[in-house]
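Report on the following structure.
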Amino acid sequence: MTIMLTPTFEVWTRRLASVCSLAVGAIGLLTLGSWALGCWDAGTFGAGYVPMAPSTATMFVLCAVAILVRVHAPRRRAAFWVGLTVNAAVALVALVLLVLSVRGVYLGAEHLGFAIHSRPGETPIGHMSPMAAFCFLLAALSFLAALSSAPDRPLRAAAAWWLACLLAAIGIVLLLAYLYGMPVLYGSDFIPPAATTSLAFLVLGFALLGFAAPPLWASGRRTGPAEGPGRVLVLVFAILATGIVSTGLLYYRRTATHYRAEVERQLATVAELKVADLVQWRKERLADAAVFHENADFAGLVRRFFDNPDDADAAGRVRTWLAKVQAAHGYDRVSLLDAQGVQRVCVPDTPERDAPQIDRCVPEVLRLRQVTFVDLHRNAPDRPIHLLVMAPVLGEADGRPPLGVFVLRIDPHTYLYPLLGRWPTPSRTAETLLVRREGNEAVFLNELRFKTNAALNLRSPLNHTEMPAVKAVLGEEGIVEGRDYRGVPVLACVRAVPDSPWFLVARMDLSEVDAPLRQRLWVLVGVVSSLLLAAGAVVGLLWRRQTALYYKERYEADEALCQQEARYHRTLDSMMDGCHLVDRDWRYVYVNDAGARHGQRKKEELAGRTMLECYAGIAGTDLIDAMRRCMDERVPRRMENRFTYPDGSSAWFKLSIQPVLEGMFILSTDITERKYAEEKLRHLTEVLRAVRNVNQLITHEKDRDTLLRRACDILTETRGYRSAWIGVFDAAGRIEVAAESGLGAGFAVVRAQLESGEWPECCRQALARPGIVVTHDTSVNCVKCPLAHAYRDTAALAGALRHAGRDYGVLVVALPAAVADDENEQSLFGELSGDISFALFAIEGEHERQRAAAERQQMQAQLLQSQKLESIGTLASGVAHEINNPINGILNYAQLIHDVASGSNEKLAGYAAEILRETERVAIIVKNLLTFARHEKQGQSPACVKDIVENTLSLVRTVMRHDQIILEVDVPGDMPKIRCRSQQIQQVLMNLLTNARDALNEKYPGYHADKIVRVTARVIGNAEVGTRNAERGGREVISDQLSVISGRVSAGGGRETVESAGGEPGGVASGPPEGGTTNLGPRQACSSAFTRSGASSVAGVSDPSSGSGGPERKHWIRLTVEDHGGGIPPAVRDRILDPFFTTKPKDKGTGLGLSISHGIVKDHGGELWFESEVGKCTRFHVDLPVMENAEGGAATEAGSNQ
């Protein structure tokens, strides 16, 4: 048994087949893409080369797919049938196309729908070459032979191998031909293979070699010699082949360069000779005409003849001159014209004449007075081609007009065309062309070798720049390559003929130019091939010798192996690591004792059975995928795998899976203990990270709830714990806050139990004793716990959050059961609990410090307020003392005036009485100010609210009327009396009316329908006052059931204005009618939703409803002053009762009014408070206790009189 732990020869050959087939497929796809994009000539590797046909590209793609499918799935039936079907089809199509192309038949179906058009006379493109069809036939046969080969059928494997070698050799020859510049079949009657086709066949040959090598190798029933020497020999052959091919290529390039230079030199020499001959010929013709240009004798003779046409002697002598010139130089016709262009004499005397051309040229020649060369022309399409040399016959003296024109007509077929048609050396394709430019065309002037009747008839547009003739007329000179008028590639030398519109082209077909070079190429290819074969033979002999040595050593090794096999088995059985050998059918060939122990099976149970039969649970796992890849692709794999046994236990193994000749070898090492240690270390690291993060959180988070919630998130986000929750309770044991992470909706049930005082068992144990409570089997010990499902397959740790002898709550986490008993784990958990406990302690201490600081600040504010009031009292006392003296003087003088005026001047006495009354009121105010400052107590007497209101209104009615303020009063006359100091209550009412007046004047400077001050009074019950006083706190929002007493509503819906008449009889007001606020009439009513502030926020105010300081009060009188002014802004409501605080200008208020009024009402056991809505209205309420009678009821005015 041989176990190979390195990639085998089969793996390398299959890799070669895969890479080469991918390259072949890529070439085919790129070619099809170029056809689709219309740039098919991009892959021809040179001008004039044919592209790969679409049918050829498609067959390359099919061959590549067949090889790839078979290489990557060698044991699948589907892959077998795909390869068989594809290559059978390829072979059949290649055979049909081979037969048709040899016969010159080309199918349009080969274009595969692409628009492909070949030029007439050129090689058809888009069709498969017969050479390509033959190579496809070889490739299909090689694949089919390798597909059907087997170890017991070595001939098929050998046939596949040699067919692949032949295909690769053909590809090499075709590619070398392209590299040497002499591609095969160009210039023949068959379509040549493209350069990309040659390259693809070479790569396809190597792919088939890699595909056919394993069957051929397996047919020898040996694994082959060692790979090292073989690779060296292959490398040596590759170096030799590269050197031979490179040397041959360099030699050929050098030979081709010299040969091409020699051919170009010959062409240039011929062109120069032809141009020199043409120039000389033109000069001679011009010289012949120049003889008659300025010849005085000939001019005198012509004059005699023109003056006397009947002069026979003159006519004869002129004709003699013309005849001698025509005979001496071989002119086609010689004629003499007079100045009007009329022919007078011609030799030979024939009726034909170049009348159109001569008629156009005679005036120009006479004007220029020079010899003129008229280029090749025809007088009619069916007429022959001629040239003309025209010379003006000048008179005997200068300055006289010409007598006529001497015309020499030249037939180019006589000398010019033969001159151009001659070539100095024998050649089957060489030719000289004479062209000129006419507009946008190049006109051929001479007769051509391969086209009859071309002179002046063959024309080529100037956009055909690949033609040497076009290049010549466009001004290019020298050696050029292109296609001639036949579309055949040629090599040409172009020259311009001086002093003429002619251009000369000396050209030769490239096929003739390259013919000698092609012969040398084939000789060189033969030499290179022979050298390659020789090098291959030498390398093969060395390989054979190496193989023989290997097999000899292998035989000797097999002998020793047989002796050591038993010892080898004993060694394997004694190993701690498991060894498994599986054949290609996935059956166990060998398993040692450790391997059987790892799988918890006996060796006898595994031998001869497949892996899936023994371990059905591995199906569909990563392990079986790795082994399948190793078996199919021969790729080794190393991995760590957790194996779960049928009883639920599991173990970790390190597996080394290697492809071997028999199939697959697996080495397994038990790493379970190492994995558990790594898991424990990883978990401890995560817990340490969690502890660190929680400590960082504690340093900056001061909110308890946020701290607990983020701590739980950290414990699970770091993966230290699977879930965590914290419960914190107060001193009475009631749950205050609970935070969790990783538990989800199930924690809601636990929260409800915690709020009801029920704690889980683990929490009770943690609170009952020190240390950590560990719950191992949560599925048994936590059955009644709502979180039992969340702790499945885990353990739980519970610890009390305890610091400085106080329990704050409990921390519970879930973690893997394997690490629950670890001392380090429990130590870290205890440290975590202690950190959170300390954080709770610190937060609680911080809250206590903040609470103490707040109380201290409040006491300081109260102390400051007391000091401020004391200072104001002192100031008020001093001011009152200073005012008392002038007030006494006013009183005395007013009394004197009253006494004097009584009986004599009643009007003056009335004024004095009024002064006395107001001065006494001032004195009372001063006394009240002293009382406010000194807290003096004065006696109170029963008073009627109606009288107080009337007395106050008598003072302000005039001012109100002046300010256009509507004064509405609703004070019933039969209301109960109050015990009070009337002057002080009047002072309070006066202050409220003054403030209302100022607010209305500020909002409405002139008259307005809503400029109203309303004064109302009603009796309320004790419960209503108690409700008011229960809403302490300085800023209170009154409910929407506040009552507003309005003026009486008339039948028409209007409002009566009540001054001071007796109101409606009534006792205790029961509040507004059901449904809300009483209607205030057509004018806007004040909203029932107010911000309410009152005296109850001031320290030291007694509750009128509490009964402290006197008998319990059952009834109260509420005196209300309401205005529709701008309201009191929220920003100043806290300070409105502060002494000297005012929002009025300095000349209109001192800020003492409301402060003094508040003090007066407080002294009367009542309450001053207000309701205000910014922009709408303000109500000030004065609640005063009703004087009770002996029976405990309210003392009405009638009862008092009784």
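The values are calculated or read from the model by the stated rules, or taken from the named source; none is laboratory data. Here the structure is a predicted model, which means the values were calculated and not measured. Glycine gets a Cβ as well: all are built from the backbone with ideal geometry, and neighbour counts include every protein chain shown.
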Please tell me if R567 is without any contact (Cβ under 8 Å) to a residue 24 or more places away in the chain and either under 30 Å from R265 (Cα atoms) or β-branched (V, I, T) (or both).
no
Test R710 against the criterion of being in contact with a helix residue (DSSP H, G or I) (Cβ under 8 Å, 6 or more places away or on another chain) and more than 21 Å from S827 (Cβ to Cβ), and give yes or no.
yes
Could you go through segment 462-479 and let me know if any residue there is over 22 Å from D277 (Cβ atoms) and part of a strand (DSSP E or B).
no
Considering only residues that are surrounded by 15 or more Cβ atoms within 10 Å (Cβ to Cβ) and among the charged types (D, E, K, R), look in segment 428-440 and name the one that is nearest to L387 (Cα to Cα).
R436
Go through the residues of segment 567-574 one by one and say whether even a single one is over 19 Å from L667 (Cβ atoms), over 50 Å from the mean Cα position of the chain (by Cα) and of a type in the set (A, V, I, L, M, F, W, C).
no
Looking at the structure I just gave you, is V523 surrounded by fewer than 18 Cβ atoms within 10 Å (Cβ to Cβ), in a helix (DSSP H, G or I) and touching a Gly at 6+ places or on another chain (Cβ under 8 Å)?
no
Exactly one of Y555, Y590 is at pLDDT 75 or above and touching a Cys at 6+ places or on another chain (Cβ under 8 Å), and that one is Y590
Counting only residues that are of a type in the set (A, V, I, L, M, F, W, C) and in contact with a strand residue (DSSP E or B) (Cβ under 6 Å, 6 or more places away or on another chain), which one in segment 498-520 is surrounded by the fewest Cβ atoms within 10 Å (Cβ to Cβ)?
L510
Of the conditions (1) surrounded by 14 or more Cβ atoms within 10 Å (Cβ to Cβ); (2) over 24 Å from T372 (Cα atoms), Y417 satisfies every one except a single condition; which number is it?
(2)
Restricting to segment 615-652, what's the tally of residues that are surrounded by 15 or more Cβ atoms within 10 Å (Cβ to Cβ) and touching an Asp or Glu at 6+ places or on another chain (Cβ under 9 Å)?
4
Find all pairs meeting these conditions: Cβ atoms under 6 angstrom apart; at least six residues apart or on different chains; first residue within segment 51-79 and within 16 Å of A132 (Cα to Cα); second residue of a type in the set (S, T, N, Q).
P51/T44; M52/T31; M52/T196; M52/T197; T56/T197; A57/T31; A64/S21
Strands (runs of 3 or more DSSP E) contained entirely in segment 306-407, each with at least 2 residues that are out of contact with any Ser or Thr (no Cβ under 9 Å at 6 or more places or on another chain)
333-338, 372-378, 385-393
Could you list, ordered by first residue, the pairs with Cβ atoms under 6 Å in which the first is in segment 309-335 and over 16 Å from D288 (Cβ atoms) and the second is not in a helix (DSSP H, G or I), at least 6 apart or interchain?
V318/V345; R319/V345
Return the residues of segment 241-262 that are without any contact (Cβ under 8 Å) to a residue 40 or more places away in the chain and either in contact with a Ser or Thr (Cβ under 7 Å, 6 or more places away or on another chain) or of a type in the set (A, V, I, L, M, F, W, C) (or both); say none if nothing qualifies.
L250, A261
Identify, by number, the condition in (1) modelled with pLDDT of 80 or more; (2) closer than 20 Å to P193 by Cα; (3) β-branched (V, I, T) that I116 doesn't meet.
(1)
Among the numbered criteria (1) more than 56 Å from the chain's Cα centre (by Cα); (2) loosely packed, with under 14 Cβ neighbours inside 10 Å, which single criterion is violated by W543?
(2)
Being surrounded by 14 or more Cβ atoms within 10 Å (Cβ to Cβ), closer than 30 Å to G25 by Cβ, of a type in the set (G, A, S) and at pLDDT 75 or above narrows A241, A256 down to just A241
Residue under question is I666, and the condition is that it be assigned to a helix (DSSP H, G or I), among the β-branched types (V, I, T), in contact (Cβ under 8 Å) with a residue 60 or more places away in the chain and out of contact with any Phe, Trp or Tyr (no Cβ under 6 Å at 6 or more places or on another chain); does it hold?
no
So which of A534, A515, A506, A560 is touching a Leu at 6+ places or on another chain (Cβ under 7 Å) and either touching a residue at least 12 places away in the same chain (Cβ under 8 Å) or in a helix (DSSP H, G or I) (or both)?
A506
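The rows are residues; the columns are (1) modelled with pLDDT of 85 or more; (2) farther than 28 Å from H700 by Cβ.
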| site | (1), (2) |
| --- | --- |
| D835 | yes, no |
| L840 | no, no |
| H847 | no, no |
| E855 | no, no |
| A861 | no, yes |
| Q865 | no, yes |
| N884 | no, yes |
| A912 | yes, yes |
Might you check whether a residue that is in the same structural domain as A195 (by TED's automatic domain parsing), surrounded by fewer than 16 Cβ atoms within 10 Å (Cβ to Cβ) and outside any loop (DSSP other than H, G, I, E, B) occurs anywhere in segment 44-62?
no
What number of residues in segment 455-475 are free of Cβ contacts under 8 Å to residues at least 40 places away in the same chain, of a type in the set (A, V, I, L, M) and buried (at least 18 other Cβ atoms within 10 Å of the Cβ)?
6
Would you confirm whether any residue within segment 1117-1128 is surrounded by fewer than 20 Cβ atoms within 10 Å (Cβ to Cβ) and modelled with pLDDT under 85?
no
Based on what the data block shows, is G28 small (G, A, S) and either outside any helix (DSSP H, G or I) or at pLDDT 90 or above (or both)?
no
In segment 441-454, which residue that is assigned to a loop (DSSP other than H, G, I, E, B) and of a type in the set (A, V, I, L, M, F, W, C) is surrounded by the most Cβ atoms within 10 Å (Cβ to Cβ)?
L445
Residue that is under 30 Å from I624 (Cβ atoms), at pLDDT 80 or above and of a type in the set (V, I, T), where the choices are T610, T571:
T610
